[in-house]
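Participant: Structure below; questions to follow.
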């Protein structure tokens, strides 16, 4: 397992930015996208800022192991349900056949939504929650390792979301 962020200054800066986002709801969606782009750049994932394609907005993209991932980033009061998962599934499916996605919801996902989404369709993206993200920002886990384990689990089980606590049982992940 690769270490997480090891530079104390970087950890402090990223944690401060994430804390600022939690406390300041104004323009949070756009600021969250910028924060994620900075985090992806830190891990060498060559992020691209949000872009539009004929009326469809993509919150960004990045590369990992030579694969392109489309990004959906949500920071809202309620957890994400089936409708939002289906919408992102459609965005990813509407691109090149080899496209993948990462859906980050700071408020996590409803169990009902994940169950309904997983019935009868192949997933083409993985999901990350705010708790998952905090473990990365706090330097406990590497974003690269988190992506690797989430992608592998999705390939093996078709589960779009598995919390990092289940993927990394060897790491103390109490917040």
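Nothing in this text is a laboratory measurement; each read-out follows from the coordinates by a stated rule. All figures in this text were calculated on a predicted structure; none of them were measured in a lab. Cβ atoms come from the backbone with ideal geometry, glycine included; neighbour counts cover every protein chain shown.
Participant: Please figure out what share of the DSSP beta bridges in region 8-167 is antiparallel and state it in percent, rounded to the nearest 5.
Facilitator: Counting DSSP beta bridges with both partners in region 8-167, the antiparallel share is about 45 percent.
Participant: Using Cβ contacts closer than 10 Å as the measure, can you line up 153, 121, 23 from fewest to most? Please list the in-between numbers first.
Facilitator: Details: 153 17, 121 12, 23 8.
Ascending number of Cβ neighbours within 10 Å: 23, 121, 153.
Participant: From the helices alone, meaning DSSP H stretches of at least four residues, give me the mean residue ellipticity at 222 nm for the chain, per-run term -39500 (n - 2.57), in deg cm²/dmol to the nearest 500. All intermediate terms of the calculation are to be shown ahead of the outcome.
Facilitator: Working: 7 runs with 78 residues, N = 175.
Calculated from helices alone, the mean residue ellipticity at 222 nm is -13500 deg cm²/dmol.
Participant: Have a look at 70, 21, 143 and tell me which one the Gaussian network model of the chain (Cα, springs below 10 Å) gives the largest fluctuation.
Facilitator: Top of the fluctuation ranking is 21.
Participant: Let me ask another. Would you order 42, 65 from fewest to most other beta-carbon atoms within 10 Å of each residue's own beta-carbon? Walk me through the intermediate numbers first.
Facilitator: Details: 42 17, 65 10.
With the sparsest Cβ surroundings first, the list reads 65, 42.
Participant: Taking only Cα atoms and a 10 Å spring cutoff, compute GNM fluctuations for the chain and point out the largest among 51, 103, 40.
Facilitator: 51
Participant: Would you order 66, 129, 99 from fewest to most other beta-carbon atoms within 10 Å of each residue's own beta-carbon? Mind dumping the intermediate values first?
Facilitator: Values: 66 5, 129 20, 99 17.
Ascending number of Cβ neighbours within 10 Å: 66, 99, 129.
Participant: With a 10 Å cut-off between alpha carbons and a GNM built on the chain, which of 24, 124, 158 moves the most?
Facilitator: 24
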